[in-house]
Each structure stands twice: as C-alpha cells, then as structure tokens.
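Written below as structure tokens is the structure these notes are about.
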Amino acid sequence: VLAHQLTLALARAQQRRGKGRVTAGDGAKQAKVLAALGFSPTGAQVRATAEIAEDMAKPYRMHRLLQGDVGSGKTLVALMALLNAVEAGGQGVMMAPTEILARQHLDGLRPLAEGAGVVLELLTGRDKGGERRAKLEALAAGDIHILVGTHAVFQKDVIFADLRLAIIDE
C-alpha cells in the first residue's frame, strides 16, 4: 500500500510539473449565477470553488477529484469552475456517464448559465447530420461556451476553440 501511494504521489508530482494555462476569471458571471440561485452556497461549496479557482490561476495542470454525497452541491461547484474558464475567455465541457444525466445537467444549468450570458449546449451520440454539424461548427467558432454531454464530447471531430476545463461526472 505504501509503495502504491508513493507511486501515485510521484505520478501526481510529475503531472503538476507539466505546463498548463493560467485561467483566471473576474467573477462577474459567477456572481450573476449566485445571485440567481435563491440560496447561499455552503461553506464547503465556497471553499471548494475558491480552491479550484486558485488552482486554475496557476501555470500548471490541475487534476482534481471532487467528492460528496448526492445533493451536496458538486454540480454547483463544477458550474462555478466552468464559469471561471468562460470568464477567462475559454470554454468548458462537462461529460456525464449517461444521456439522462447529461440532460438533467443541461436542464438544471441552462437557466443559470443563460442568466449570466453563457451559451450552454448538449452533445450526445443521438446528435446526427446537420444538427450535429451545426453544434460542432459553433463549438469550434467559440460560440458555445460550455458543452454538456456524454462520451460524444470527446470524439475526434469535436474541436473546441479554446478548451480550458474538462469535467467528468462519474
């Protein structure tokens, strides 16, 4: 167990040395979303959001695991991180393991994102033909700020204008 933990620590240290992109938003879009919530985030949510934003502002790659019970607000923390990427001029993606969960994320996040002036779109394996092509063109042009979907978001033909953050929901 000790050898395994040391190996993981060395691998993490090696990855952290990899060059990353400084991504620091101004907080304007995040403030709009928080104002529209109707409740205040918990201390743990605020702390997790701040730690992620701090990591994103550093010039090395970030690799994080956010754990919590169902209903603990992980999706809100993820949205705040994605908004940080958008505020910095980039894009973000959130991949869910199933289409049902991806659609639930879209339904829950879209009103908040739109209220902050952020374009959020869904991409799944069901998207075909002209509809898929239009989404991919908008994504490559930077017109879609946050993409939510299934494994389809990581296919070869999915090209982002400026991807700053990828979140995998498991």
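A short reminder: the numbers here are calculations on the coordinates, not readings from a lab. For clarity, every value in this text was computed on a predicted model and none was experimentally measured. Please note: Cβ atoms are built from the backbone with ideal geometry, for glycine as well, and neighbour counts cover all protein chains shown.
A few comments on the model shown:
- At R0 = 45 Å, FRET efficiency that the Cβ-Cβ distance of E114 and A9 yields, to 0.05: 0.60
- Reachable lysines, given that their alpha-carbon falls under 18 Å from the alpha-carbon of K156 and they are not under 8 places away in the same chain: K128, K135
- Qualifying lysines (Cα of each under 26 Å from Cα of K74; at least 8 residues distant if same chain): K29, K32, K58
- With the helix formula -39500 (n - 2.57) applied to DSSP H stretches of n ≥ 4, the chain reaches a computed 222 nm mean residue ellipticity of -15500 deg cm²/dmol.
- Partner aspartates and glutamates whose Cα lies under 15 Å from the Cα of K19, excluding those fewer than 8 positions away in the same chain, are identified as D55.
- Of the DSSP H helices in the chain, those whose Cα atoms cover at least 15 Å axially and whose Kyte score averages 0.5 or more: 74-87
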